[in-house]
């Protein structure tokens, strides 16, 4: 099992997403984050990842949810830790590693160019704040397109 931290970063009611360029879900927008390193706490892992990917010095605010995501085509399980990060109006993305974009809630929920599991986590963990654990099952069809059940 791989441990991964992801961040919900907001400004003016919009959520910051990055465009995936490697690994799974290439070409889709997703919550920023990455793997937790050995002997690293979650809060430090997400702060490091956000600095590396976006050049932002943000502070971990709180863990808002966890999910197990099973990639059935690979028989791999990822433990996802969804973290809320604090960003003030004076902070700007500097030296981004990836293309990024701010999405309104409506855009995030309706776009076909966003990783579906990230939409679900943003909805359940951040917007609704009613659940704090999800089971996510990801499959690939014969054309290589991802889908979730």
Q. Taking segment 133-149, which residues are within 16 Å of residue 69 (Cα to Cα) and part of a loop (DSSP other than H, G, I, E, B)?
A. 149
Q.
Being part of a strand (DSSP E or B) and in contact with a strand residue (DSSP E or B) (Cβ under 7 Å, 6 or more places away or on another chain) is true for just one of 46, 64, 50. Which residue is that?
A. 64
Q.
Could you tell me how many of the residues in segment 34-43 are in a helix (DSSP H, G or I) and loosely packed, with under 14 Cβ neighbours inside 10 Å?
A. 0
Q. Which of the following residues is in contact (Cβ under 8 Å) with a residue 60 or more places away in the chain and either surrounded by 14 or more Cβ atoms within 10 Å (Cβ to Cβ) or assigned to a strand (DSSP E or B) (or both): 89, 24?
A. 24
Q.
Which numbered condition in (1) within 18 Å of residue 129 (Cα to Cα); (2) modelled with pLDDT under 95 is the only one that residue 61 fails?
A. (2)
Q: Look at segment 129-140 and say how many of its residues are modelled with pLDDT of 95 or more and loosely packed, with under 10 Cβ neighbours inside 10 Å.
A: 1
Q: Select from segment 95-110 the residues that are part of a helix (DSSP H, G or I) and more than 15 Å from the chain's Cα centre (by Cα) and list them in ascending order.
A: 106, 107, 110
**Q.** Residue identified as in contact (Cβ under 8 Å) with a residue 12 or more places away in the chain and out of contact with any strand residue (DSSP E or B) (no Cβ under 7 Å at 6 or more places or on another chain) among 146, 127
**A.** 127
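The values are calculated or read from the model by the stated rules, or taken from the named source; none is laboratory data. From a predicted model like this one, the values you see are computed outputs, not experimental measurements. Using ideal geometry, Cβ is built from the backbone for each residue, glycine included, and neighbour counts are taken over all protein chains shown.
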